[in-house]
């Protein structure tokens, strides 16, 4: 298939908001492209659902064969405001016409500064803040650790069971799961330690403060507070299974960090920018991190990430110690400003809560009728089910894979995750219309019943 053979389909909100299957999934044109991918792209870059996209918007993704799939993935929580949001598209086009790049470290520009100002306004806490912009969540997490080490003059870093923080060397060390993220890629960065996470479904009788005491005991005995630069944690874990710690866990951990001059780093790469029904997941319990890391939903699909935090911590590295050729690219900054405007103008924080209520209600009803649905959890438009062998807490990865494959075949883009691969996660764009969300969960209920 040549480029000319690819159908021209207009994306954005005007795209027909319907599930439509005109071929099997994947269709013949997608299979042809998959063969070309196999010949040209390393096999190490996998694809979960090999349908090749020509348009997307609202709550659908349209492939080269004309199939229209319901999107419950948002490019892994990236296209929060939609795949072709008009405000974002216009801002990108305007900036691209002016200039695409100069490198902020050489000749700076207003967009970078405006994004930093918006991050200071929006992120938790009223203290004086500074930001640095990067390209990806992993890059931003790695820089957050650098900043914490520069500030504290300490080296050790603690991450948690089930954590995912990225694929660079340091962030692989912070990440808990071996396959597919770490296997064969070591040795990893030193001075990284792991503490137990609060996991309510698997922590019978352990409330949040007790789980925090358990984690702190491990940290104090195995690391030592005087050696510790930072604690890095996802307020709701992403790839680890959408694990939401029990109430009180994060505040207790933060209090301990404050008492011991340890930098508390919140990794909100997946949870940030309205995804959880708050602008940031930390807002739910009033947690004010020292540093907050954002990416994914920040720029509507363009590569941008940030570390934002207390001015005295952010200013600890020497001049020139942070940066990068593309960090805070002007086009990505224009997109981010448009994303923030859209979230606030269109009331997308409230929309995330409404979507979350719909999903939780539907999934809780499924759980009541099916003992294999072990847990339903999440907040806002970040919800998951953990699937187990009936009547136990034993993970059932095979069932999860069957359900995901059946959903894909029926035109639902769903993702899996979790340490044991037994979690179905749902991350619809906040632009998905109600009728598509209802259809998706009607179909999912039938698939689960038949699996």
Test: residue in the range 337-345 that is closer than 20 Å to residue 133 by Cβ and part of a loop (DSSP other than H, G, I, E, B): no
Tally, over the range 316-332, of residues that are assigned to a loop (DSSP other than H, G, I, E, B) and under 30 Å from residue 301 (Cβ atoms): 10
Could you tell me how many of the residues in the range 296-332 are surrounded by fewer than 24 Cβ atoms within 10 Å (Cβ to Cβ) and at negative phi? 18
Checking 287, 293 in turn, the sole residue that is in a strand (DSSP E or B) and buried (at least 18 other Cβ atoms within 10 Å of the Cβ) turns out to be 293
Looking at (1) touching a residue at least 12 places away in the same chain (Cβ under 8 Å); (2) within 20 Å of residue 354 (Cβ to Cβ); (3) part of a helix (DSSP H, G or I), can you tell me which one residue 428 breaks? (3)
Apart from one, (1) in a helix (DSSP H, G or I); (2) under 20 Å from residue 416 (Cα atoms) all hold for residue 214; the odd one out is (2)
Please verify whether the range 439-448 includes one or more residues that are part of a strand (DSSP E or B), surrounded by 17 or more Cβ atoms within 10 Å (Cβ to Cβ), out of contact with any strand residue (DSSP E or B) (no Cβ under 6 Å at 6 or more places or on another chain) and touching a residue at least 12 places away in the same chain (Cβ under 8 Å). no
Has the range 271-280 got at least one residue that is surrounded by fewer than 22 Cβ atoms within 10 Å (Cβ to Cβ), over 14 Å from the mean Cα position of the chain (by Cα) and in the same structural domain as residue 118 (by TED's automatic domain parsing)? yes
I want to confirm something. Restricting to the range 217-253 and keeping residues that are free of Cβ contacts under 8 Å to residues at least 60 places away in the same chain, at negative phi and assigned to a loop (DSSP other than H, G, I, E, B), which single residue is surrounded by the fewest Cβ atoms within 10 Å (Cβ to Cβ)? 247
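The values are calculated or read from the model by the stated rules, or taken from the named source; none is laboratory data. Just so we're clear, the structure is a prediction, and the values are computed from it rather than from any experiment. Neighbour counts are summed over all protein chains in view; Cβ atoms, including those assigned to glycine, are modelled from backbone coordinates with ideal geometry.
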